[in-house]
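Just so it is clear, none of the values below were taken in a lab; they were calculated from the coordinates. Values in this document were obtained by computation on a predicted structure and should not be read as measured data.
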Amino acid sequence: MSASTARRGIQLKPESTSAPLNNGSTESTGSTPLNGKTKNGRPKADTVSLPGLPDADLGAAIDPADEPPDDDSIEATEPPKASECPCWRVYLDWWKSGKANRRPGVYYHGLHETAEERTRTDEWVCGPLLIEATTFDRRNESFGRLLRFRDSTNRWHEWNMPMLMLKGDCADLRGELLFMGLEIDPKHRARLPHYLIYGPPRDARAT
């Protein structure tokens, strides 16, 4: 398995500061429309234009799809060595740990140490869930995480999760994800907020 450095972007400023933001959401995903243009190439009044990001890439980032995202920052097909733990890994398919088959999803790989050896522990936290981006508004407020996850019917979803939902016991956050079909292990559910805060986002986007 090869792991790349997490791709953390900087704030993407709109090309025109006169265009007001639209606080509405798209019908299919709940995400704010991005990069809309008129025929003369100028931004629409209800959109924010993000330079350097092609329309096709933005469409793929916002709309749900059957195919998994192309991300090599945390995805894995084989477990890490004990020397690499503790760490997070996301498996999109079944994988092996010794002779045991492990289900797909987000795992926290901890470290168990004794006088004789150091061994890896495998804690399944939830189904496959990737952090696509850190999101924020034009005033550098309203921070969130653009999440992409797979439900129990193998359908991919996207949701712009407000960071505010990580306060307290995160029951509302888990409720939203469960409602959209993400499977969460009740035994290790306390790990989920840690993953959402410390997991490596692929990008940063203004919304």
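The figures follow:
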| read-out | value |
| --- | --- |
| Chain lengthening between T119 and F143 when straightened (0.36 nm per residue, less Cα-Cα) | 4.9 nm |
| Linear extension gain, L164 paired with W94, 0.36 nm per residue minus alpha-carbon span | 21.9 nm |
